[in-house]
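The values are calculated or read from the model by the stated rules, or taken from the named source; none is laboratory data. This is a predicted model, so every value here is computed, not measured. Using ideal geometry, Cβ is built from the backbone for each residue, glycine included, and neighbour counts are taken over all protein chains shown. When the accessible area is computed, the model is the full protein with side chains, heavy atoms only, and any ligands, DNA or RNA have been set aside. Shrake-Rupley method; radii C 1.70, N 1.55, O 1.52, S 1.80 Å.
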Amino acid sequence: MKGTRDGTGEAKGKRKREGKTPEKEKGKAKAPKESGAVLYDVPGPRARRRNLLLTLLFLLAVGGVVWWVVASLADKDQLAWAKWAPFFTDPRVWHTYLLPALKNTVTAAALAMGIALPLGAFLGVARLSDHRWVRGTAGPVVEFFRAIPVLILMLFANAAYAEFTGISPESRPLYAVVTGLVLYNASVLAEVVRAGILALPAGQTDAAKAIGMRKGQTMAYVLLPQSVTAMLPALVSQLVVIVKDTALGGAMLGFSELLASVRPMSANYGANTIASFTVVAVVFVVLNFALTSFASWLERRLRRGKRSTGAVVGADAVEDLAAPGEPGRTGPF
């Protein structure tokens, strides 16, 4: 019993020397529960009833708006089967209007993407250059075209092509739409590329310098490949914007794209304006969904490739990165 008392006394003395008391230990045990209560308060019965009432009122309001829209369309015969039937029974609607318009939309978007992506990457890298004159040139160009609405760029391009070139009036809207999309979206993509590269840890650049890589090699083989995966969601979002902005050319320049096909379809098939707009919107959704699905597949593939493979430097590459004066050196840093 004496040994037990002595052991207990020693334990109490040790806790007192360390500043630990039973009251403090109980307080520490209760701390997580108190912090949890501060972060989130479980709603009581009155709050749950209030939340349920607000949810029901919101659903009733949404249902009322939907009912009003459907009733208004029905009163104007926009929901009649005769307005929607041509899209299911008459192939001339697709062959004459929708498919040619879809081809023009995809053509303009593809040309704009193919030019804006490399141009935006070039401008984004130029803004990170060590040379002041390169940064000073790329910066104002990016900020200027990013600040101008894309529609104004299309209108200016159309007027410039009409005044200073011999492009035919039939092809001029396509050139103007592509030019406006390229100038605006390349400047936006330049900022995406610049932000993606700056988001990488500084240790990546330091490690590349440590093995003797030059600035261009570091950018091409280290920084850009790693930043592509992080930039991909923003890049895809901007590509979707390019597809949708082709409709501006149809509204203002007479470009025969998807949205511009609504007017002739509505004029030739009994003023089915709502049906035409709905079908065109569905085509846009399918087109953009295909683009985002491809981008998601590409992103998963890139991430899986990074996890399963590693970079292997061959003997030739090591010789290329050798210090000045060593055999196998192919050029100056």
What is the local net charge at Ser256, summed over the other residues whose Cβ is closer than 10 Å to its Cβ (Lys, Arg +1; Asp, Glu -1)?
-1
Need the C-alpha centroid separation for the stretch 59-120 versus the stretch 136-166, integer Å.
30
Net charge over other residues, Cβ less than 13 angstrom from the Cβ of Trp84 (K, R count +1; D, E count -1):
-1
Could you check the spin-label model distance between Asn268 and Ala230? Points 7 Å from the Cα along Cα→Cβ, value in nm.
5.2
Please work out how much accessible surface Met231 shows to a 1.4 Å probe, ignoring ligands, DNA and RNA, in Å² rounded to 10.
10
Could you work out how far apart the two model spin labels at Asp77 and Ala281 are, taking each label as a point 7 Å from the Cα in the direction of the beta carbon, and quote it in nm?
2.3
